[in-house]
Amino acid sequence: MKKIFPLIVALLLFSCNSKHDTQVKSTKEVIVDIKKIVGKNKEEVAKILGKSDKVEPFSESSTPCKDIPCEKAFYQKDKFEIIFINGKSDWITINDLSKYDFSEENIEILGLPSSVPDFKNPRDLIRWKNIEGVNEINIFNNGSDKISYAYIKVKTE
């Protein structure tokens, strides 16, 4: 019994440590902390994403930019497309996300906490509303259960 007792104690300590290790929160790769670029001007966004590759006027008829053109800037070889409404980043598209699974947990790649979506169509779209000052976050399925792109509306609908 004296020889078995230290073995039992060692096994208990090891099993407690193992459980603790498996409970450590997993961290996902964050492609951009969206909170650092939402509602920012071009100079502030450039500090996070780098200098824009190109900027062009944007004036779609069904948008707030129809009368007074907004600016649409492209960053990191078109990975990020940002429409600046009234000088602030408002509509953000993040392209080329096909290495990430189409799942609600992958809101974390945008630097946001995992949360229950407001809408989910497993074939097409997952949508969250009103998270950390962001009006709407959408991720779209590429047809192979991977994310095609994310579309974020900061303030303007």
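The values are calculated or read from the model by the stated rules, or taken from the named source; none is laboratory data. Because the structure is a prediction, the values reported are computed rather than measured. In this analysis, Cβ positions are derived from the backbone assuming ideal geometry, glycine residues included, and neighbour counts consider all displayed protein chains. Just the protein is used for accessible areas: all its heavy atoms, side chains included, with ligands, DNA and RNA removed. Shrake-Rupley method; radii C 1.70, N 1.55, O 1.52, S 1.80 Å.
Below is a table of values for the structure above.
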read-out: Spin-label model distance (nm) - Val30 vs Asn135, 7 Å beyond Cα toward Cβ; value: 2.5 nm
read-out: Probe 1.4 Å, accessible area per residue of the range 31-157, Å²; value: 53 Å²
read-out: Rough spin-label spacing in nm, given labels placed 7 Å along Cα→Cβ, for Ser61 and Lys42; value: 2.7 nm
read-out: Of Lys42/Lys99; Lys35/Lys79; Lys129/Lys155; Lys47/Lys72; Lys51/Lys77, those spanning more than 19 Å from alpha-carbon to alpha-carbon; value: Lys42/Lys99
read-out: Relative contact order %, the range 24-157, counting alpha carbon pairs below 8 Å whose residues are six or more apart; value: 22 percent
read-out: Surrounding net charge for Asp90, when Lys and Arg each add one and Asp and Glu each subtract one, Cβ distance under 9 Å; value: +3
